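Only the coordinates and a few stated rules stand behind these numbers; no lab work does. In this text, all values refer to a predicted model and were calculated from it rather than measured experimentally. Note: ideal-geometry Cβ built from the backbone for every residue, glycine included; neighbour counts use all protein chains shown.
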Amino acid sequence: MRTSGLAALAAAVLAWSLLAAAAPVEAADMARTISVSGQGEARGVPDRAELSAGIATIAGTADAALAANARKMTAVFDTLKRLGVAERDVQTSNFSVQPQYAQNNGDGPARITGYQVSNQVDVTLDDTKKLGPALDALVGAGANQINSVSFDISDPAALQAKAREAAIADARSRAQTYAGAAGVTVGHVLSIQENGGGGAPVFAALALRAHAASTPTAAGALRVTANVSVTFELK
């Protein structure tokens, strides 16, 4: 009985010794990695434009303001149709009816003097060259609110792929710099995590010139970005 107990104790001590010896090796193996971030971007010329335009009308009654607004907005919709803008590319984004008040010096309740009706639509143009003529035509049709102009790329997938490739290359370059300084070399990629990204306008300017034959616009370029975190093996 005493002999078997000693044997069991010896086996336990041996197993613990083996685990203790293996632990530093395993920890060292786990430590032979490097994690870095990488950024990449690709630029492309926008192929479509988006604008927000509308009509604001004021009249003594809400009904009169609404009727005037409806007549002018009908002219705006007809103009967009003549420009070849599809119905799916025109969407009402805001509609409001608001009372207008006379200036009040604090003597009694405010007095309503009329009503303002605002109707706004968002329009997508399938060609940036249509933007100037569209602005001219909309203003000519009665639009008195041009709220925003922006540019977009209809299919950014190819640019996104280039940005991701550039981000991976940037991460590897950083890893090689650090590894070289530490006297080791970079091995295989162990993991890649994308940290977000997207499109950001580099230059999207709208220039307006009074009494111009056609409103000049500049589409500029759009930048698509990618950000990754990469873990490399070290040798």
Handout entry: Under 16 Å from the Cα of Lys81 - aspartates and glutamates, other chains or at least 8 residues apart
Key = Glu50, Asp89, Asp122, Asp126, Asp127, Asp136
Completion exercise
In order over segment 74-84: 3J(HN,Hα) from phi, Karplus 6.51/-1.76/1.60, θ = phi - 60°, whole Hz, x for each Gly or Pro, gives 4, 5, 5, 4, 5, 5, 4, 5, 5, 6, x
Practice task
Go through segment 40-48 residue by residue and turn each phi into a ³J(HN,Hα) via Karplus (6.51, -1.76, 1.60, θ = phi - 60°); whole Hz please, and just put x for glycine and proline.
Solution key: x, 8, 9, 10, x, 7, x, 10, 8
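Using the per-residue mean of other Cβ atoms lying within 10 Å as a proxy for protection, in what order, highest first, do the peptides 149-155, 177-183, 224-230, 54-60 fall?
Numbers: 149-155: 15.9, 177-183: 11.3, 224-230: 20.7, 54-60: 18.6.
Peptide ranking by packing, descending: 224-230, 54-60, 149-155, 177-183.
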